[in-house]
Amino acid sequence: MFSFFKKKIADQPAAETTGSSTDTSANAASTQTAPQQMPAERPRASWLARLGTGLRRTGQSISTVFTGAKIDDELYEELETALLMADAGVLATEYLLKDLKQRVKDTGTTEPSAVKALLAASIAQLLKPLEKPLAIGAHKPTIIMVAGVNGAGKTTSIGKLTRHLSDSGASVLLAAADTFRAAAREQLAVWATRNTVEIVSQEGGDPASVSFDAVTAGRARGKDVVLVDTAGRLPTQLHLMEELKKIKRVVQKAEPTGPHEVLLVIDGNTGQNALAQVKAFDETLGLTGLIVTKLDGTAKGGVLAAIALWGQSRAAAGSSVVPVYFIGVGEAVEDLETFNAQEFADALLG
C-alpha cells in the first residue's frame, strides 16, 4: 500500500492481461501476457538522497548566503537573488523574505547559519497546502485524465503511476487518447506491457472517442482506475486546448461523475513557465492535481513556491488549492514519489 492512497483498495493481483491491440470494444478479449516480477520498492531515504542530489545546485547557491558573519540587509539581498535564481518568482520571493524576517525577529536569531533552518521552515509552511494524497477507490473506475505539454514527461509519468497503482492492488486500464502521434501510442503500449495492464488504443482515431471507449471498457471490465493519456500541447494552441475540453465532456458522458482527477504534468526545469502552464490548463480543464518531473539535475525547484502562493490566492477566492501529488527525480519506474513539503524544503536548501 502506497502512502498516496486515501482509501484502501481491496487486494487484487498486480498482474493484469494486456490488450495492446487497437480493439476498443468493452468486451474485447485481451492478449495474455506473462506476469512480470515487480522490483522491490527502494527505501524512501534513498529516494530523498536522489532528490537532494537533483536540487544540489539550488541548495549550494542558497547555502552560501548564510556563510557571512552577520544578519543584515546584504544577507537578505543575496538571499533574494538566490531565490529568484531558483525560479521562486518575484511574489513568492517577497513572501518568503517577509516571513523569514519575522521569524528571525520572533526567535531573536543572531547567527546567519541559524537563518537557514528558519528559511526551511518558512518554505515548508508555504508548500504544506500542496501536500495531499491521491484518493483512489471512491469511484469504480476512478477516471484520471492526464495533460501536459510535449516533453514534460507526461506519458512516462503515466507509466510510473500505473506501476504504483498496480503494485498497490489496483487494476488499471490505459487509454491512448494521444492519437496525434503514433509514437505516443507506442510508448504507452510499452508501458502497458511493462506493467502488465490493458490498453485501449485506436490508430488515427478521435481522442474523445478513445477516451469514451476506455471509460466504457473500464466499467465493463471492473477496473479500479482508467488513466487517460492526452496529446501534449502548449496552452497557446487554442484549438488543441479545445480538444481537451471535448475529451473531458465525452468522459462525462460515459461517466457523469468523471473525470475524478485531472492531472497536469509539468517539467521542473521550466521555471516560471511551469506556473503559466498550470494557470492556463486549470482555466481550461479545472485541475485537481500536479505531477512535477525531472527534478534530477538542472531543475531549480523554486517554482513550487510560486505555485503554492498561487494556490493561496485561489483558496482566498474560495477555490481549492491544486496539490502536488507526485514529484519525479529520474527515468526509472520507481523514481516517482509522493510530495512532502518538509522533505522538499530540506532538499531545496541542501
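Of note:
- Scanning the range 59-79 for residues being among the polar types (S, T, N, Q) and either in contact with a helix residue (DSSP H, G or I) (Cβ under 6 Å, 6 or more places away or on another chain) or at pLDDT below 70 (or both) gives a total of 1.
- When Val292 is tested against (1) modelled with pLDDT under 90; (2) within 22 Å of Asp346 (Cβ to Cβ), just one condition goes unmet, and that condition is (1).
- Residues of the range 249-278 satisfying the condition of being assigned to a helix (DSSP H, G or I) and over 15 Å from the mean Cα position of the chain (by Cα): Arg249, Val250, Val251, Gln252, Lys253, Ala254, Gln272, Asn273, Ala276
- Lone qualifier among Ala82, Ala49 - being out of contact with any strand residue (DSSP E or B) (no Cβ under 7 Å at 6 or more places or on another chain) and either basic (Lys, Arg) or crowded, with 17+ Cβ neighbours inside 10 Å (or both): Ala82
- Output for the range 188-204, where each listed residue is of a type outside the set (Gly, Ala, Ser), at negative phi, at pLDDT 90 or above and in contact with a Ser or Thr (Cβ under 8 Å, 6 or more places away or on another chain): Leu188, Trp191, Thr193, Asn195, Val197, Glu198, Ile199, Val200
- Annotation: of all residues in the range 85-119 being among the basic types (Lys, Arg) and loosely packed, with under 14 Cβ neighbours inside 10 Å, the one that is nearest to Asp346 (Cα to Cα) is Lys98.
- Residue list for the range 174-197, restricted to those being surrounded by fewer than 24 Cβ atoms within 10 Å (Cβ to Cβ) and outside any helix (DSSP H, G or I): Thr179, Phe180, Arg181, Thr196
- Close contacts from the range 66-85, counting a first residue that is on the phi < 0 side of the Ramachandran plot and a second that is basic (Lys, Arg), with Cβ to Cβ under 9 Å and a gap of 6+ residues or different chains, come to Phe66/Lys116; Tyr76/Lys101; Met85/Lys300.
- Residue in the range 176-191 that is more than 28 Å from Gly328 (Cβ to Cβ) and of a type outside the set (Val, Ile, Thr) present: no
- Ala138 touching a residue at least 60 places away in the same chain (Cβ under 8 Å) and part of a helix (DSSP H, G or I): no
- Members of the range 179-226 that are among the basic types (Lys, Arg), in contact with a Lys or Arg (Cβ under 9 Å, 6 or more places away or on another chain) and farther than 19 Å from Gly159 by Cα: Arg219
- Which numbered condition Thr284 fails, given (1) farther than 17 Å from Gly148 by Cα; (2) among the polar types (S, T, N, Q); (3) in a helix (DSSP H, G or I): (1)
- Matching residues, the range 128-157, being within 12 Å of the chain's Cα centre (by Cα), of a type in the set (A, V, I, L, M, F, W, C) and at pLDDT below 90: Ala152
- Residue within the range 247-255 that is touching a residue at least 40 places away in the same chain (Cβ under 8 Å), out of contact with any Ser or Thr (no Cβ under 6 Å at 6 or more places or on another chain) and small (Gly, Ala, Ser) present: no
The values are calculated or read from the model by the stated rules, or taken from the named source; none is laboratory data. Note that the structure is a prediction, hence the values are computed from the model and not measured. Methodologically, a virtual Cβ is constructed for each residue, glycine included, from the backbone with ideal geometry; neighbour enumeration extends over all protein chains shown.
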